[in-house]
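Participant: First the structure, which I've put down as structure tokens, then a few questions once you've had a look.
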Amino acid sequence: MAAVVGTKKTKAKTSKKSAAVESKKPKEKKKIPKKPVSPRFVEKQIGGDKNGGTRRVAVKRSPKFYPTQEKSWRLRTHKKPFSQHKRYLRESITPGTVLILLAGKHKGKRVVFLKQLASGLLLVTGPYHLSGCPLRRINAIYVIATKTKLDISGVKIPDRVNDAYFKRKELKKQKPTENQIFSKEEVTYFPSEERKEDQKIVDDQVLTVIRQHPEKKYLFGYLGAMFSLGHSDHPHKMIF
């Protein structure tokens, strides 16, 4: 019995040794063909009585002009530009929602949200007849969305009202005459006829929606009133 057991052990040892030897064998590496190196100089034949023979000419010649100032190189990035960013909008802000402005010239006023522009800004209007706020763009972080909503599905906004429509125009200063050399006249901005026309088109449609609302009496006063807080008012406990 002892002899039989010994033979089994020897077979197991030999099989382990053979497996270890096979694993230690070096694997053959694949030979990668080397790319041919292009020469830096080339010999060219030059004819003529005085210039006979060959000359070494550089394949890539160095530039003859070097700029005096270094140009600012733009670094390559994998980030998308702002125009390709995704635009997000809060669930509480939908077309027709009454918003409260928290910043800007018209802060504290209530306006009607019309749509979101390509830049992500919100297009709002007073209407101008009620709150004095014209067609404007505003960032969504500077508004409070209320639960008051209007059905403006039938309101049509002109196609030209986009981000380029609200781009600031440089006011041209007139050359002063001899009598106006030392006088300081401020150049004031006046809305163009195009803006006045678009404002009237949009406001007329929004006002008809308000007149058709069952609580139109309260809406006219609500949109025309300014939002303010007192000493005992807590905004985090309010329901707008």
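Participant: So how much slack lies between Leu207 and Gln69, counting 0.36 nm per residue of separation and subtracting their Cα-Cα distance, in nm?
Facilitator: Result for the pair: 43.6 nm of gain on full extension.
Participant: Can you give the local net charge around Val155? Use residues other than it whose beta-carbon is closer than 12 angstrom to its beta-carbon, Lys and Arg +1, Asp and Glu -1.
Facilitator: Value of the local net charge: -1.
Participant: Follow-up question, since we're still on this one. Which of Lys35/Lys80; Lys169/Lys216; Lys31/Lys60; Lys156/Lys196; Lys80/Lys109; Lys167/Lys196 have a Cα-Cα distance over 26 Å?
Facilitator: Correct reply: Lys35/Lys80; Lys169/Lys216; Lys31/Lys60; Lys80/Lys109.
Participant: Moving on. Putting +1 on Lys and Arg Cβ atoms and -1 on Asp and Glu Cβ atoms, find which of Gln69, Pro95, Ser38 reaches farthest to the positive end of the dipole of the range 26-101.
Facilitator: Final value for the positive-end residue is Ser38.
Participant: Give me the number: length gained by fully extending Lys34 to Met226, i.e. 0.36 nm times residue separation minus the C-alpha to C-alpha distance, one decimal in nm.
Facilitator: Answer, rounded to one decimal: 61.3 nm.
Participant: Tell me the net charge near Ser131. Cut-off is 9 Å between Cβ atoms, Ser131 excluded, with +1 for each Lys or Arg and -1 for each Asp or Glu.
Facilitator: Charge balance near Ser131 sits at +2.
Participant: Now for a separate question. Hey, any idea what the orientation-averaged projected area of the convex hull of the range 30-73's Cα atoms comes to, in nm²?
Facilitator: 7.3
Participant: Also, I was wondering about something else. Please list 3J(HN,Hα) in residue order for the range 116-126, calculated via the Karplus relation 6.51 cos²θ - 1.76 cosθ + 1.60 where θ = phi - 60°; whole Hz, with x for glycine and proline.
Facilitator: Karplus values, whole Hz, x for Gly and Pro: 9, 7, 5, 6, x, 6, 9, 8, 10, 8, x.
No value in this document is a laboratory result; all are computed from the given coordinates. It should be emphasised that the depicted structure is a prediction, and the values quoted were computed from it without experimental measurement. Cβ coordinates were reconstructed from backbone atoms using ideal geometry, including for glycine residues, and neighbour counts include every protein chain displayed.
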